[in-house]
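Reading through the structure tokens given below for one structure.
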Amino acid sequence: MAGSQQGLGDIAAAIDSLELAKSETQPQYNPQLYISILEKLRLLYFEQARYLDAFHLKQERLQIEQQYGFRAFVGASYLNPQRQAINPAQIPAENTETIAQEIAVSSRVQDVRRLRERVSRNEYKLTVIHGQSGVGKSSILQGGLIPALQEKPIGERDVLPILLRSYTDWVGMLGRSLGENVERLGGISLNSAAEILAQLRHNEGRNLLTVLIFDQFEEFFFVYQDQAQRRPFYDFLRDCLNIPFVKVILSLREDYLHYLLELDRLFDLTVINNNILDKNIRYYLGNFSSDDAKTLIESLTERTHFYLEPNLIDELVKDLAGEIGEVRPIELQIVGAQLQTEKITSLERYRQAGTKEKLVERFLEEVIKDCGAVNESAARLVLYLLTDENGTRTLKTKDELAANLPASDEELDLVLEIFIKSGLVLLVQEPPAERYQLVHDYLVDLIRRQQGNELLEELAKEREQRLQAEENL
């Protein structure tokens, strides 16, 4: 019906039909149909300059394609648990989520097993996962460890993993998440750290092992820059470590590990021998080896019927490993996603397309295009302004970005939201104003080479002309 309405030029009716189809279609029963609806609706939204709506549908489509095995690579997004399509005639299992295929077929599955083993052992009350930016810490938690913990009990206890990734209101968000997960078991409202701690103690009687997972924990230190502001969380963490059948996982970038030493100085953490950075507490997550990257690419492309020539895989892994001899997971996903987007399956096509850097450049171009043609210049400049001449990622407020942009507040908001949800930019919540930062150090050199000073000069001239025109009016 939507196709007919579009053919007759009634775009509004076509959109209404597709929105109705989307709301009534359950992806677990027919993921291919759902994906088709999302893509048709996305195209109509984009044609109507509803760029943000179109982008949200694109993100949902990528997520569904990855979860149900239709997409080999997800770009800069987090990995999600794997799902299987359900036969409507059968009663589905209570939990249909399993470890993401990207993890299950790589050495990451060993990391998941080791982390699950740590959770099961009494001597490991706290685990600190650390690694470089873009190594896949969030993905291994969301797409690997959490479904592995939910898959089967540990001992005689069901495992209740609670994931937190934002810390502006950590008490409220943790309370809501914990309340939602125990709602099936009675349902409560948790509005304070004391109430959360009481529930964690109560979970022991419910035969639960609660695992509190604080991902991207470096953001906590961005939000609470004063030690006095951090103390309530430290108090809470100390109390958690003293509650039976509660485990805590902190995951953060390696260059922020030393921030945790403050806990040792301020509190008596006897339960972890007052040594939060002990090697028995830390768990390092590194890059892929070349062999592991090759096995992963072969498995993912075979599963999704996106077949790559063996000699292409060999050269691709060699290019990705580069001088360090290791493959960055984020780079593998971005380059792989672009190969799939451009349907590059042979070594000849790969060489014609350029180096891996060219493929990453085109990935960034795709994200910029998602912002719409009228916002492209602003999008390019935002990326550039989030870097500096020293090759580092800068933190900029919205006002600081706007001061150098010939764009309205609405245009800047759109660009920032698309960049954040594409996995390129991080929103850092901190007083007195929110700030923005590129997610991965890896992107800095590429962006500065790609955009260059010509773009700055062009946009500065455009901004000056706009200001002059406003002054004349």
Ser120 and Ser346 label points (each 7 Å along its Cα→Cβ direction) are spaced in nm at 4.9 nm
Checking the cross-link filter: which lysines have an alpha carbon closer than 18 Å to that of Lys398, excluding same-chain neighbours under 8 positions apart?
Lys421
Roughly how many whole Å is it from the C-alpha centroid of the stretch 8-64 to that of the stretch 271-333?
34 Å
Can you put Asp235, Asp111 in order, fewest other beta carbons within 10 Å first?
Asp235, Asp111
In the chain, if the dipole is taken from +1 on Lys/Arg beta carbons and -1 on Asp/Glu beta carbons about the Cα centre, which of Gly172, Leu312, Ala198 is farthest to the positive end?
Ala198
D (Stokes-Einstein, µm²/s), Kirkwood Cα radius, the stretch 244-348, 1.002 mPa s at 20 °C:
127 µm²/s
Extending each Cα 7 Å along its Cβ direction at Ala228 and Asp264, get the distance between those two points in nm, one decimal.
2.7 nm
Hydrodynamic radius by Kirkwood for the chain, inverse mean 1/r across distinct Cα pairs, in Å, is 24.5 Å
Quick one: if you stick a label point 7 Å off each Cα along the C-beta vector at Glu434 and Glu39, how many nm between them?
3.2 nm
The stretch 97-284, relative contact order in percent, only Cα pairs under 8 angstrom and at least six apart counted:
29 percent
With both partners inside the chain, how many of the DSSP beta bridges are antiparallel, as a percent to the nearest 5?
35 percent
FRET efficiency, Tyr29 to Val374 (Cβ-Cβ, R0 56 Å, nearest 0.05):
0.90
Modelled FRET efficiency - R0 35 Å, Arg362 with Arg165, Cβ distances, 0.05 increments
0.75
Which length gain, in nm to one decimal place, applies between Thr355 and Asn280 when the Cα-Cα distance is subtracted from 0.36 nm times their residue separation?
22.9 nm
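A short reminder: the numbers here are calculations on the coordinates, not readings from a lab. Owing to the predicted nature of the structure, the values given are computational and were not obtained by experimental measurement. In this analysis, Cβ positions are derived from the backbone assuming ideal geometry, glycine residues included, and neighbour counts consider all displayed protein chains.
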